[in-house]
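K.L.:
Below you'll find the structure I mean.
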Amino acid sequence: MQLALYEKYDLRLPRYTSYPTAPHFSASVNGRVFESWLGDLDPAQPLSLYLHIPWCREMCWFCGCNTKITKQYDPVGNFVVALRAEIASLLSKLDPAHRFKVSHIHFGGGSPTALKPEDLRAIMADLTDRIDILDDAEVALEMDPRTATPEFIDAMADCGFTRASIGIQDFNPFVQRAVNRVQSFELVEDVIARLRAHKISGINVDLMYGLPFQTVDSIIETVDQTVTLNPDRLSVFGYAHVPWMKKHQNLIPTEALPDTAARWAQYEAIQTQLTSHGYSAIGLDHFARDDDAMAVAQKNGLLHRNFQGYTTDRAEALIGFGPSAISSLPQGYAQNDPALARWQRAVEAGECGIEKGIAISNEDRIRRDIINELMCNLTVDVAAICADHGISADRFTWEIERVRAMTQDGIVEVNGTHIHLTETGRPLVRAICAAFDTYLDHAHGRHSQAV
């Protein structure tokens with residue numbers, strides 16, 4: 001019965017890290033618009049910062065991120081110069097009469113560990129020269145354990161990092177070779193030990209399913225190895241095979257990729273195994289210890305979702321730096337040019353690197369709140385959200401009835417304006433969210449599988 005449901009709802013859907021989603025951004029939001037939005041930000045509200053470091057030493061064939069490959073440091077060094085210029089430029093657009101505070105900083109990529117330690121220190125110094133990092137701020141960085149040198153971890157500690165996210169994906173050597181990501185358990189274990197020795201105690205790890213040659217048994221073995229590292233949180237992602245967007249994915253043997261039934265079996269095996277080890281499911285694809293801040297946030301209805309996935313960060317404004325980085329501000333979304341060379345030329349010329357975005361309407365905000373509640377808490381009271389926005393829930397009668405039709409499959413329960421996903425429906429939450437997405441039918445982009 002469950003397999004039939006999975007095949008029925010195996011749709012190409014957005015991951016809803018924003019609403020409206022990125023395929024609907026346009027050139028209507030340019031650098032001038034974005035800079036005016038920055039100038040209107042409330043200095044009483046803390047900011048969140050995201051810095052995209054696009055560089056990697058080698059390409060992982062499963063990767064869907066905006067990356068560049070180099071074994072030479074000169075291109076990375078030139079990028080750092082541009083990034084530091086962008087930091088100075090964008091932060092200068094904030095209200096100059098006030099010094100803003102920051103509650104969350106996240107370095108993503110690519111691989112931020114491609115930076116030299118001295119450049120990481122310089123970037124953090126540029127930030128702290130212009131803003132104040134709150135005492136309880138989370139300062140996080142995504143790590144490739146293969147390039148996380150002891151000197152780099154020293155720099156992280158010196159700069160006040162509190163959390164690291166380690167890309168594991170799979171420990172099976174055969175799977176690793178098939179996706180060009182070879183790293184031993186011992187290497188990862190050593191990196192995590194070094195982080196903890198430096199008081200960087202927040203440890204996330206990433207696992208994947210749906211990769212070539214993976215089996216339920218091999219995935220369970222990877223999970224069991226991973227939990228011996230005692231991470232606080234785990235992100236579990238299904239591999240999205242999109243070779244029309246990411247040409248390097250053509251190097252993956254498609255005949256070795258699991259079909260829908262096998263993907264679901266792998267997903268369920270990971271969930272069952274992690275639960276047996278004491279982790280709680282968080283939203284669609286995260287797991288955490290019960291005492292972790294993310295699990296506590298979910299229990300208290302305070303979990304949030306942004307372009308990095310699930311987060312405890314509640315800042316209303318997120319400013320993105322680096323190519324392809326997306327800023328989320330109260331007025332809307334703005335994305336930097338994903339082409340490194342174009343972004344770098346713009347920044348070096350003293351211009352804003354924004355390529356596109358979207359100004360959000362009141363209708364968008366209401367639908368975003370509904371979708372965010374579903375994605376984070378698997379439940380929503382549509383009437384309560386509408387009341388917060390001063391409108392009647394009657395506006396969403398059609399959407400609620402559309403969801404009600406799914407109750408016959410046992411994935412969701414509807415009681416008046418209350419919508420609640422069942423545990424069977426958890427991995428299908430994006431299909432429920434899609435009922436409230438007025439842009440979806442007109443999308444020009446292609447998305448990943450629901451699971």
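The values are calculated or read from the model by the stated rules, or taken from the named source; none is laboratory data. The structure displayed is predicted, hence computed values, not measured ones. Don't worry about glycine lacking a Cβ; one is built from the backbone with ideal geometry, like all the others, and counts go over all protein chains shown.
K.L.:
With respect to Tyr50, determine if the residue is in the same structural domain as Tyr239 (by TED's automatic domain parsing) and over 25 Å from the mean Cα position of the chain (by Cα). Before the answer, list the steps.
P.N.:
Values: in the same structural domain as Tyr239 (by TED's automatic domain parsing): yes; over 25 Å from the mean Cα position of the chain (by Cα): no.
For Tyr50, the condition - in the same structural domain as Tyr239 (by TED's automatic domain parsing) and over 25 Å from the mean Cα position of the chain (by Cα) - is not met.
K.L.:
If you take the residues in region 225-248 that are modelled with pLDDT under 95 and under 27 Å from Thr311 (Cβ atoms), which one is nearest to the chain's Cα centre (by Cα)?
P.N.:
Start the filter on region 225-248 by keeping residues that are modelled with pLDDT under 95, which leaves 237-248.
So of that shortlist, the ones also under 27 Å from Thr311 (Cβ atoms) come out as 237-242, 245-246.
Details: Phe237: 11, Gly238: 13, Tyr239: 14, Ala240: 14, His241: 18, Val242: 18, Met245: 19, Lys246: 18 Å.
Going through the qualifying residues, I end up with Phe237.
K.L.:
In addition: So, in region 39-69, of the ones that are closer than 22 Å to Ala339 by Cβ and polar (S, T, N, Q), which residue ends up surrounded by the most Cβ atoms within 10 Å (Cβ to Cβ)?
P.N.:
Step by step, filter region 39-69, then rank; the result is Thr67.
K.L.:
Oh, and also: Residue pairs, Cβ under 9 Å, 6 or more apart or interchain, first in region 192-218 and assigned by TED's automatic domain parsing to the domain that holds Glu142 and on the phi > 0 side of the Ramachandran plot, second among the polar types (S, T, N, Q) and part of a strand (DSSP E or B). List them.
P.N.:
Gly210/Gln449
K.L.:
OK, next. Can you pull out the residues in region 61-74 that are part of a loop (DSSP other than H, G, I, E, B), within 15 Å of Asp144 (Cα to Cα) and over 18 Å from the mean Cα position of the chain (by Cα)?
P.N.:
Selection gives Trp61, Thr70, Lys71.
K.L.:
Can I ask one more? Filter region 384-418 down to the residues that are assigned to a helix (DSSP H, G or I) and in contact (Cβ under 8 Å) with a residue 40 or more places away in the chain, then identify the one that is nearest to Gln2 (Cα to Cα).
P.N.:
Looking at the filtered set, the residue picked out is Asp409.
K.L.:
Restricting to region 43-98, and then to whatever is small (Gly, Ala, Ser) and touching a Ser or Thr at 6+ places or on another chain (Cβ under 9 Å), can you tell me which residue is modelled with the lowest pLDDT?
P.N.:
Within region 43-98, the first condition is being small (Gly, Ala, Ser), and the residues that meet it are 44, 48, 64, 77, 82, 85, 88-89, 92, 97.
Next, from what is left, pick out any that are touching a Ser or Thr at 6+ places or on another chain (Cβ under 9 Å): 48, 64.
Numbers: Ser48: 98, Gly64: 86.
This residue is Gly64.
K.L.:
Considering each residue of region 15-55, count those that are touching a Cys at 6+ places or on another chain (Cβ under 8 Å) and either under 12 Å from Lys356 (Cβ atoms) or not in a loop (DSSP other than H, G, I, E, B) (or both), and give that number.
P.N.:
Counting residues in region 15-55 that are touching a Cys at 6+ places or on another chain (Cβ under 8 Å) and either under 12 Å from Lys356 (Cβ atoms) or not in a loop (DSSP other than H, G, I, E, B) (or both) gives 5.
K.L.:
Quick one: would you say Phe161 is buried (at least 22 other Cβ atoms within 10 Å of the Cβ), over 18 Å from the mean Cα position of the chain (by Cα) and in a loop (DSSP other than H, G, I, E, B)?
P.N.:
Numbers: buried (at least 22 other Cβ atoms within 10 Å of the Cβ): yes; over 18 Å from the mean Cα position of the chain (by Cα): yes; in a loop (DSSP other than H, G, I, E, B): yes.
The answer is yes for Phe161.
K.L.:
Name the one entry in Arg345, Arg314 that is charged (D, E, K, R) and either surrounded by 21 or more Cβ atoms within 10 Å (Cβ to Cβ) or in contact (Cβ under 8 Å) with a residue 40 or more places away in the chain (or both).
P.N.:
Values: Arg345 fails: either surrounded by 21 or more Cβ atoms within 10 Å (Cβ to Cβ) or in contact (Cβ under 8 Å) with a residue 40 or more places away in the chain (or both).
None of the other options fit; the residue is Arg314.
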